[in-house]
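Pasting in a structure now, in structure tokens, and then I'll have a few things to ask.
The values are calculated or read from the model by the stated rules, or taken from the named source; none is laboratory data. Everything quoted here is computed from the prediction, not taken from an experiment. Virtual Cβ from ideal backbone geometry, glycine too; neighbours counted across all protein chains shown. Just so you know, the surface numbers come from the protein's heavy atoms only, side chains and all, with ligands and any DNA or RNA stripped out. Shrake-Rupley method; radii C 1.70, N 1.55, O 1.52, S 1.80 Å.
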Amino acid sequence: MLFKQVLSAACALGLLAAMPAHAEGQIRIAQQFGIGYLILDVVQDQKLIEKYGKQQGLDIKVEWNSLSGATGMNEALLAGALDVVSAGLPPMLTLWDRTRGRQNVKAIAALGSMPNYLLSNNPKVKTLQDLTEKDRIAVPAAGVGFQSRTLQIETARLFGKNDYKRFDNISVSLSHPDATVALMAGGSEIDTHFSSPPFQYQALENKNVHKILSSYDILGGPATFNVLYTTQKFHDDNPKTYKAFYSALLEAAQFIRANKAKAADTFIRVQKSKLSPDFVRKIVNDPEIDFTISPQRSYVYADKLYELGVLKNHAASWKDYFFEEAHVQPGS
């Protein structure tokens, strides 16, 4: 199924009363746009969830959805409109923090480690210190998404913990595809974009666009970008479906590492991308990118966001906010 827009939070809440709880054998998954979701593209394309369900004697009905931005993802998950959602680590950690003792939201798996670049078409902006009230930074979920939280961590380092929200006032919520178009075209209020693959590489082909910094610079090296997460109830009530899903993710990651050209073709096919195959293959082969379901440097977010007061609960380790199935994998 091609991407379909997930219902708004209000709509989801309105439908909840008429929506029975999903029984074992059904899973509703939502992903965002970009090559950061390639593992899910492979899972969908090869029907891996269905494959592992059948191995357990279960016919799993899989519903694929798409939504841009972590805010809508989190609202839909808590409203019961989705079973599994995907977003950056910070939005997942926020939900883990706020639902402890209630829905107990935790991560299922990472979706890979890849850098996110802060880009600009403003020649005057070479560093964060050069940004002014006249600039506008496009991010998928202003103030709360992966890009905004990553920017806040760096802002706190540069300007002090009390000023970590300095750039929230000039941040604008905009999907990566729309922000990329605006940045490359120029002439709009959007002159800066905290981007992600493949959009950042596409934008950098424009001579007027340059990189200010990478998320890897902020986090100290390769780090998980996106994660999948769900509620304790879905995890506990659907053991066979959950197991099939996790097995599917593991196989998809292994497939990508062994078949990068085919994986690039899968991305183009599933996301109906207009990017050239050579361009996508170059990204998939980028040594900075690792398609792994094991979390890397995730605890940097858990620790730093606690220091900033964004999180009330201080995780002892990454295993506190990942379900136990992930604990057999290496992680940090």
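Of the residues Leu174, Leu158, which single one is open to solvent by 20 Å² or more (accessible area, probe 1.4 Å) and modelled with pLDDT under 95?
Unique residue meeting the criteria: Leu174.
Separate question: Only one of Ala87, Ala109 is open to solvent by less than 10 Å² (accessible area, probe 1.4 Å), in contact with a Gly (Cβ under 8 Å, 6 or more places away or on another chain), closer than 28 Å to Phe255 by Cα and not β-branched (Val, Ile, Thr). Can you tell me which?
Ala87
Then there's this: Within the stretch 112-126, how many residues are open to solvent by 10 Å² or more (accessible area, probe 1.4 Å) and not charged (D, E, K, R)?
The qualifying residues number 4.
Quick one: how many residues across the stretch 245-276 are farther than 20 Å from His176 by Cα, free of Cβ contacts under 8 Å to residues at least 40 places away in the same chain and either of a type outside the set (Gly, Ala, Ser) or part of a loop (DSSP other than H, G, I, E, B) (or both)?
Count: 6.
Which residues, taken from the stretch 254-287, are under 24 Å from His327 (Cα atoms) and open to solvent by 60 Å² or more (accessible area, probe 1.4 Å)?
Gln254, Arg257, Ala258
For the structure I just gave you, tell me whether Leu183 is of a type outside the set (Phe, Trp, Tyr), touching a His at 6+ places or on another chain (Cβ under 8 Å) and surrounded by fewer than 21 Cβ atoms within 10 Å (Cβ to Cβ).
no
In the set Gln103, Gln129, which member is open to solvent by 20 Å² or more (accessible area, probe 1.4 Å), over 27 Å from Ile289 (Cα atoms), in contact (Cβ under 8 Å) with a residue 60 or more places away in the chain and among the polar types (S, T, N, Q)?
Gln103
Can you find a residue that is surrounded by fewer than 24 Cβ atoms within 10 Å (Cβ to Cβ), within 12 Å of the chain's Cα centre (by Cα) and small (Gly, Ala, Ser) anywhere in the stretch 69-76?
Yes, the stretch 69-76 has at least one match.
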